[in-house]
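Bear in mind these aren't lab numbers, they're just calculated from the coordinates by the rules spelled out. It should be emphasised that the depicted structure is a prediction, and the values quoted were computed from it without experimental measurement. With ideal geometry, Cβ positions are generated from the backbone for all residues, glycine too; neighbour counts draw on all protein chains shown.
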Amino acid sequence: MKIAIAGTGYVGLSLAVLLAQKNEVVALDISAQKVDLINAGKSPISDPEISDFLANKKLTLTATLDKQLAYQNANFIIIATPTDYDPETNYFNTQSVEAVIEDVLTINPDATMVIKSTVPVGYTESVKRKYASRYLLNSLTHQTQKKRQLKLEAVVSAGQRHDLEKISIGNRLWQSATQLHQDLCVADINGDEPSESNSLPNILFSPEFLREGKALHDNLYPSRIVVGEQSKRARIFAQLLVQGSKQAETPILYTDATEAEAIKLFSNTYLAMRVAYFNELDSYAETHGLDTRQIIEGVGLDPRIGSHYNNPSFGYGGYCLPKDTRQLLANYQNVPNNLIRAIVDANTTRKEFIADSIIRRNPKVVGIYRLVMKSGSDNFRASAIQGVMKRIKAKGIEVIVYEPVLKEETFFRSYVVKDLSEFKARADVILANRLTDEIIDIKGKVYTRDLFGQD
């Protein structure tokens, strides 16, 4: 089976490696550098297991810049392009997803598209309707071309010389348009997802539940597989994921598309809520001179709460939680809520608390030790420490940065110090979201809320 994957970030590349163990996989990206690295057996992202599999495992995986090569004759096309949250529209920017859908409808309209990018609740349903007419026309044209080619091959092989039978595209378009109208009306009346045999585009949604830096591990040992359609193709796709995994049993849930989208956003918002909860516990303890660790350990002994995902930080960050919580809050526009709004606001409050704690020390120079959001990751998009850094700079305090991932000389007009020893010497206070062995020797300078040495 041929599978194409659009996008080679954490989601796309981990899926490409997983599925390439037993299938032909073509990964499409717009970055020539990433394509070259993948084809050379090297990972363009920081993920130990992806690096190991690319270098040492037998994979049928090719990366390309050519969308025609990627999509043509593919059975499944997985869309794993970025969907950043746009604060002006209160909505995910889904342009990259729709660009892929438009390309697939032109090149291979009969392929099943699986959206893995995070999207707003209700998106899959709406996008299927948006592209219904284009799918109809392109699919009929695609099928007609195939039939004509088959007839031509049959004529040539038989040595016959007569005109090929002309296919009435107009008549077939009329019949399919009528069927499309019926499909849309039935779906609207019943509130159901259209079946896979109708005239709507072959698009389904399947959320991902991956950690940055451990994306392949979480695909090899998935907590669950959710597919937003109850159909034969949904079951086939789920089995492809199971086939590549390393565990004996994996919970599989087939839902409707909109419910699957909600599962993704509510799952990440719950994780953000847990981060915010333990951070606010820590803010209280620090304000009143209490031992945060003792309180958290006592709270976690209740089995309903547990001693996991409880290490205080400067706030939740990274690619998923900030944007997913804001998108869910936007989906609550006409729904009464207090908690969802509080989860979003709590992250801002935490960063302000951390910044104020540093400012009260009256440092002349504050060092930012690592911009990445957690260990094992090379991503510092929306990391909480950046929000703290900006608040400190706003008070006129000099800020320097130590971040080996950065090649630039400055970061948001703050000097990037390449030498760790120089960085330690210059900073009066060093801000570290997570404490590592590199800075243990100057622990007296370090401000961190890391209690358990884990993410």
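Applying 0.36 nm per residue to the separation of Lys393 and Ser307 and subtracting their alpha-carbon distance, the gain on full extension is 27.4 nm. For His217, His308, the sequence from fewest to most other C-beta atoms within 10 Å is His308, His217.
Rounded to the nearest whole Hz, the Karplus-based 3J(HN,Hα) values (6.51 cos²θ - 1.76 cosθ + 1.60, θ = phi - 60°) of the stretch 305-315 follow the sequence 9, x, 9, 9, 6, 10, 7, x, 8, 7, x, with x at glycine and proline.
What does the charge add up to near Val121, with Lys and Arg as +1, Asp and Glu as -1, over the other residues with Cβ less than 12 Å from its Cβ?
Numbers: positive: Lys264; negative: Glu125, Asp256, Glu259, Glu261, Asp324.
Taking every other residue near Val121 into account, the sum is -4.
Cβ crowding within 10 Å ranks Leu200, Leu406 as Leu406, Leu200, fewest other Cβ atoms first.
Please work out how much length the chain gains when fully extended from Asn73 to Tyr277, using 0.36 nm per residue of separation minus the C-alpha to C-alpha distance, in nm with one decimal.
Result: 68.6 nm gained on full extension.
One chain, two ends: Lys22 and Asp441. Fully extended at 0.36 nm per residue, the span grows by 146.0 nm beyond their Cα-Cα distance.
Exposure proxy for Leu431, Leu241: other Cβ atoms within 10 Å of each Cβ, ordered fewest to most, give Leu241, Leu431.
For Ile203, the residues whose amide H sits under 5 Å from its own are Met113, ignoring neighbours fewer than 5 places away on the same chain, with H placed 1.01 Å from N. Summarised as an ellipsoid, the stretch 312-447 has semi-axes of 29, 16, 13 Å, derived from the eigenvalues of the Cα gyration tensor scaled by 5 and square-rooted, with the largest first. Residues whose amide H lies under 5 Å from that of Ala63, counting only those 5 or more places away or on a different chain, are Ala27, Asn39; hydrogens are built 1.01 Å from N in the peptide plane. Centre-to-centre separation between the Cα atoms of the stretch 83-97 and those of the stretch 406-424: 32 Å. Here the 3J(HN,Hα) profile of the stretch 271-277, calculated from phi with Karplus coefficients 6.51, -1.76 and 1.60 at θ = phi - 60°, is 4, 4, 4, 5, 4, 5, 4 Hz, Gly and Pro shown as x. For the stretch 260-302, backbone nitrogen atoms closer than 16 Å to the point 7 Å from Thr349 Cα along Cα-to-C-beta are found at 272-288. Approximating the spin labels as points 7 Å out from Cα along Cα→Cβ, the Asp291-to-Glu98 distance works out to 5.7 nm. Taking amide hydrogens as placed 1.01 Å from N in the peptide plane, the amide H of Thr94 sits under 5 Å from that of no residue at least 5 positions away in sequence or on another chain. First measure r as the distance between the Cβ atoms of Lys246 and Val365, then evaluate 1/(1 + (r/R0)^6) with R0 = 45 Å and state the FRET efficiency to the nearest 0.05. After rounding, the FRET efficiency stands at 0.40. In order along the stretch 62-74, the Karplus-derived 3J(HN,Hα) couplings, from 6.51 cos²θ - 1.76 cosθ + 1.60 at θ = phi - 60°, round to 10, 9, 8, 9, 8, 5, 4, 4, 5, 8, 4, 6, 6 Hz, and Gly and Pro are given as x. Paramagnetic label reach from Asn39 (point 7 Å along Cα→Cβ; backbone nitrogen cut-off under 16 Å): within the stretch 56-80, residues 60-71. Classify the stretch 205-247 as rounded, prolate or oblate from the Cα gyration tensor: take a ≥ b ≥ c as the square roots of its eigenvalues, call it rounded if a/c is under 1.5, otherwise prolate when a/b beats b/c and oblate if not. The shape class here is oblate. Centre-to-centre, using Cα atoms only, the stretch 1-55 and the stretch 320-366 are separated by 34 Å.
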